[in-house]
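Bear in mind these aren't lab numbers, they're just calculated from the coordinates by the rules spelled out. Values in this document were obtained by computation on a predicted structure and should not be read as measured data. Here the Cβ positions follow ideal geometry from the backbone for every residue, glycine too, while neighbour counts run over all protein chains shown.
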Amino acid sequence: MSTLAKAVAHMRSSKTVMMSGGTLCAIALVALIGPWVSPNDYMTTDFDRLLHSPTFNSMSLFGTDDLGRDLFVRTMLGVQVTLVVAIVASVVSLVIGVLYGATAGYVGGRVDAVMMRFVDTLYAMPFIFFVILLLVVFEQNFLLIFVAIGAVNWLDMARIVRGQTLSLREREFVDAARLIGVSTPRIIIRHIAPNLLGVVIVYVTLTIPQAILIESFLSFLGLGIQEPQTSLGNLVSGGVLQIENASWMLLIPATLLAVILLCFNFLGDGMRDVFDARRSR
């Protein structure tokens, strides 16, 4: 059985992983299908139904907002956007962090020292203000948000991968590959990176909530996803303004956001326990 197959088998044996993963899959499925089956549109305004409370009439399950738009459809669209931004930004930080950290750890010496001092220098920068400045100066779009969040998250990944690589580079299979003349980039990609799978998977599940929080914070400030599109952070921001007149506008997206964050955290903790138990055997 391959390493990946063994990891999947161990994950299936964890109730925490299965429950968290199942909840996330259910939320993602409803968010994907919900807007298609709903008779309402996320952009259509109805001034006769301003701030209607949640009801089963007209399939307005989450009520309407201050412009009469269906909150269920907008919330499901917000879940889609939030998950896509968080996952893609985490993938960006994953690719950069793994390649950077593995290169620094494997090469070692002065190259490692210079590369990690660069990481330390970036750590000292107030990145959230850098991201805000980036989004203010340039046109706000999906791609820029991916780049901005990925630029914040890859530093931790690089440090963790570098530490794991320092121990892996002394292993016998790496020495054997080096002796038969395998190039350094090939050793990093074919031999070092696959053996970082467990640590990387666990850490990615823990960085996705961080990316969600950054995206939600930016959208809350009005610097993230722009109308007519929306995200959970955007919906929470609008709900705060209507907390006294329409509390559901805040409670529904905020609850969904909290559930998604908790599920990713429980998923990461469960996967970490699975890999720790597997490593101790």
Of (i) 57, 20, 14; (ii) 42, 23, 13; (iii) 36, 21, 17, which one was derived for semi-axes √(5λ) of the Cα gyration tensor in Å from the structure shown?
(ii)
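Relative to 2.2 N^0.38 Å, what does the C-alpha radius of gyration of segment 138-281 come to as a ratio? Two decimals please.
On the way: Rg = 20.7 Å, N = 144, 2.2 N^0.38 = 14.5 Å.
Rounded to two decimals, the normalised Rg is 1.42.
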Pick from 179, 29, 51: which residue has the top mean-square fluctuation in a GNM of the chain where Cα pairs under 10 Å get a spring?
179
How compact and how long is segment 15-151, expressed as Rg and Dmax of its alpha-carbon atoms in Å?
21.5, 70
I'd like to verify something in the chain: which complete DSSP H helices, judged by Cα projection on the helix axis, reach 24 Å or more and average at least 1.0 on the Kyte-Doolittle scale?
15-37, 71-107, 142-168, 197-220
Per the charge dipole of the chain (beta-carbon charges, Lys/Arg positive, Asp/Glu negative, Cα centre), the residue among 133, 266, 83 reaching farthest to the positive end is 266
Would you mind working out the magnitude of the charge dipole of the chain relative to its Cα centre, with +1 at each Lys and Arg C-beta and -1 at each Asp and Glu C-beta, to the nearest 20 Debye?
1520
Checking 208, 187, 225 against a Gaussian network model of the chain (alpha-carbon springs below 10 Å), the top fluctuating residue turns out to be 187
GNM on the chain, C-alpha springs below 10 Å: top fluctuator among 19, 249, 76?
19
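Using DSSP loop states and a limit of at most 12 other Cβ atoms within 10 Å to flag chymotrypsin sites (Phe, Trp or Tyr not before Pro), what is the longest stretch of the chain containing no flagged site? Let's see the in-between values first.
Details: sites that count: 47, 56, 138.
Here the longest run is 139-281.
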Suppose R0 equals 25 Å. What FRET efficiency, 1/(1 + (r/R0)^6) with r the Cβ-Cβ distance, do residue 55 and residue 262 give to the nearest 0.05?
0.35
Please compute P(r) over all alpha-carbon pairs of segment 189-274, binned at 10 Å starting from zero, and give each bin as a whole-number percent.
17, 35, 25, 16, 6, 1
